[in-house]
Amino acid sequence: MSSTTVITNIATLVTNDPSLGDGSPLGLVRDAAVVVDGDRVVWTGGSSKAPATDNRFDAGGRAVLPGFVDSHSHLLFAGDRTAEFNARMSGRPYSAGGIRTTVAATRAASDAELEANLTRYLAEALRQGTTTFETKSGYGLTVEDEARALRIAAAHTDEVTYLGAHVVAPELADDPAAYVDLVTGEMLDACAPHARWIDVFCEKGAFDGDQARAVLTAGRARGLTPRVHANQLSFGPGVRLAVELDAASADHCTHLTDADVDALAQGNTVATLLPGAEFSTRAAWPDARRLLDAGATVALSTDCNPGSSFTSSVPFCVALAVRDMGMTPDEAVWSATAGGAAALRRTDVGRIAPGARADLVLLDAPSHVHLAYRPGVPLVEAVWRAGVRVV
Ligand code: NIG
Ligand code: FE
């Protein structure tokens, strides 16, 4: 039999369920309590009305919100690109080609090294409140190296993405068509059993619209659902292709035409913004305000990878989105929790409501707004994942 715990004396509870709280999208409840039974939330409401439970935890007048859902990361890699970052901060532009540096280091690493690296960054993310994460292959670019990355990832998360189409493998640089054949053929056969999603970097220097379409439709035929690296470094066909193929998410969305914004507003595809990438490549920010005002669903994620965004911190991304991308603190917190869940087509995470998985973050602050108000401060005081206190 599972035991029940009440977390009580919560100054501000973010439920992400408007019907449970003040009617706002965050469904805020003041002076709140949450009851957890085993791995699930079974009750939320005012502290004074909480039912009797086996255990009791006093939140001490601080804020509780759903664990962050980081729907975009690249954690299967080895090596480091400090020199490239340094050069960039001295004025050199970022390009898709830097990926090849990490490919060489990743191929040379053992399975144990790759897994140790993955678990290190997962632990780092968990300490900062991330309880659900997606991660991708894309630094192997051979049949064996892509499949092993996904196999290792699948031991740690259900949200695994096959990104064989990250860049053309260096040994096929002169024959991109042959590489697309490999990605949609033998490599897909080896990778599909370990993955839920298929992704492609649709960008100059990576894959064009026709190649991206070939990759995504081949993956879909094997039961993988598309998500797309779209419109990161330049305008292009990625976002519209994502919406047309009903991809779960179009990621980056940094360079958007009005037609791209309209497509995202009308389709089911979530616009996932990754401000760590603009921060670390010193690029112009994606315009979250424009997407929100048009009616698009927006998610916020880290894009954690050694090249363009080496941060595992969702709170950092929330602060950037509020300061520089036109989001309100409420919108940014929604996008980093419920928005991430939408980008992964999950309804069991990203909210604190009866039936949801008990993934909770306690902040050492009276409200979720402090995530943006106190940037860079380690506010995450405790984390529960599936009802177990892990931080
Ligand atoms: O999401 N855009 C493509 N992939 C990564 C960058 C990968 C790298 O530079 O190693 C991204 O930014
Ligand atoms: Fe990425």
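The values are calculated or read from the model by the stated rules, or taken from the named source; none is laboratory data. Note that this is a predicted model, so its numbers are computed, not measured. When we count neighbours, we look across all protein chains shown, and the Cβ atoms used for this are built from the backbone with ideal geometry, even at glycine.
Would you mind stating whether residue 97 is buried (at least 19 other Cβ atoms within 10 Å of the Cβ), within 16 Å of ligand 2 (Cβ to nearest atom), of a type outside the set (A, V, I, L, M) and over 30 Å from residue 41 (Cα atoms)? Please lay out each step first, then the result.
On the way: buried (at least 19 other Cβ atoms within 10 Å of the Cβ): no; within 16 Å of ligand 2 (Cβ to nearest atom): yes; of a type outside the set (A, V, I, L, M): yes; over 30 Å from residue 41 (Cα atoms): yes.
The answer is no for residue 97.
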Original post:
Is it the case that some residue within the range 209-226 is assigned by TED's automatic domain parsing to the domain that holds residue 174, closer than 24 Å to residue 325 by Cβ and either basic (Lys, Arg) or out of contact with any Phe, Trp or Tyr (no Cβ under 8 Å at 6 or more places or on another chain) (or both)?
Top reply: no
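A quick yes/no check of all residues on (1) modelled with pLDDT under 95; (2) within 15 Å of ligand 1 (Cβ to nearest atom); (3) among the aliphatic types (A, V, I, L, M):
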position	(1), (2), (3)
126	no, no, yes
129	no, no, no
139	no, yes, no
164	no, yes, no
**OP:** Determine whether residue 119 is polar (S, T, N, Q) and more than 16 Å from ligand 1 (Cβ to nearest atom).
**Re:** yes
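Among the residues of the range 114-151, write down those that are among the aliphatic types (A, V, I, L, M) and assigned to a helix (DSSP H, G or I).
114, 116, 118, 122, 123, 125, 126, 143, 147, 149, 150
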**OP:** Can you tell me which residue among 263, 230, 248, 259 is of a type in the set (A, V, I, L, M, F, W, C), farther than 22 Å from residue 339 by Cβ and assigned by TED's automatic domain parsing to the domain that holds residue 161?
**Re:** 259
Original post:
Which condition number does residue 9 fail, the rest of (1) in a strand (DSSP E or B); (2) free of Cβ contacts under 8 Å to residues at least 40 places away in the same chain being met?
Top reply: (2)
**OP:** Would you confirm whether any residue within the range 250-266 is among the small types (Gly, Ala, Ser), within 16 Å of ligand 2 (Cβ to nearest atom) and touching a residue at least 24 places away in the same chain (Cβ under 8 Å)?
**Re:** no
Subject >> Scope the range 61-79; condition part of a loop (DSSP other than H, G, I, E, B), away from ligand 2 (no atom under 16 Å from the Cβ) and either within 21 Å of the chain's Cα centre (by Cα) or within 29 Å of residue 382 (Cβ to Cβ) (or both); matching residues >> reply: 67, 78
Original post:
Restricting the first residue to the range 210-225 and requiring it to be in contact (Cβ under 8 Å) with a residue 40 or more places away in the chain, which pairs with a second residue that is assigned to a loop (DSSP other than H, G, I, E, B) meet a Cβ separation below 8 Å and a spacing of at least six or different chains?
Top reply: 212/237; 224/195; 224/196; 225/196; 225/247; 225/248; 225/345
**OP:** Output the residues belonging to the range 225-249 that are farther than 11 Å from residue 200 by Cβ and among the hydrophobic types (A, V, I, L, M, F, W, C).
**Re:** 233, 235, 239, 243, 248
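Listed here are the residues, each with its yes/no results for (1) surrounded by fewer than 17 Cβ atoms within 10 Å (Cβ to Cβ); (2) more than 15 Å from the chain's Cα centre (by Cα); (3) within 29 Å of residue 122 (Cα to Cα).
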{"site": "248", "(1), (2), (3)": "no, no, yes"}
{"site": "251", "(1), (2), (3)": "no, no, yes"}
{"site": "257", "(1), (2), (3)": "yes, yes, no"}
{"site": "267", "(1), (2), (3)": "no, yes, no"}
{"site": "273", "(1), (2), (3)": "no, no, yes"}
{"site": "304", "(1), (2), (3)": "no, no, yes"}
Subject >> Residue within the range 324-333 that is within 16 Å of ligand 1 (Cβ to nearest atom), surrounded by 23 or more Cβ atoms within 10 Å (Cβ to Cβ), under 17 Å from the mean Cα position of the chain (by Cα) and in contact (Cβ under 8 Å) with a residue 60 or more places away in the chain present >> reply: no
Original post:
Out of all the residues in the range 173-181, is one or more more than 24 Å from residue 153 (Cβ to Cβ), in contact (Cβ under 8 Å) with a residue 12 or more places away in the chain and within 15 Å of ligand 1 (Cβ to nearest atom)?
Top reply: no
Subject >> Complete set of residues in the range 239-268 that are within 16 Å of ligand 1 (Cβ to nearest atom) and on the phi > 0 side of the Ramachandran plot >> reply: 252, 253
Subject >> Selected residue (only one of 45, 27, 38 is modelled with pLDDT of 95 or more, closer than 14 Å to residue 359 by Cα and assigned by TED's automatic domain parsing to the domain that holds residue 358) >> reply: 38
**OP:** Considering only the range 280-295, state which residues are outside any helix (DSSP H, G or I), surrounded by fewer than 24 Cβ atoms within 10 Å (Cβ to Cβ) and on the phi < 0 side of the Ramachandran plot.
**Re:** 283, 284, 285, 287
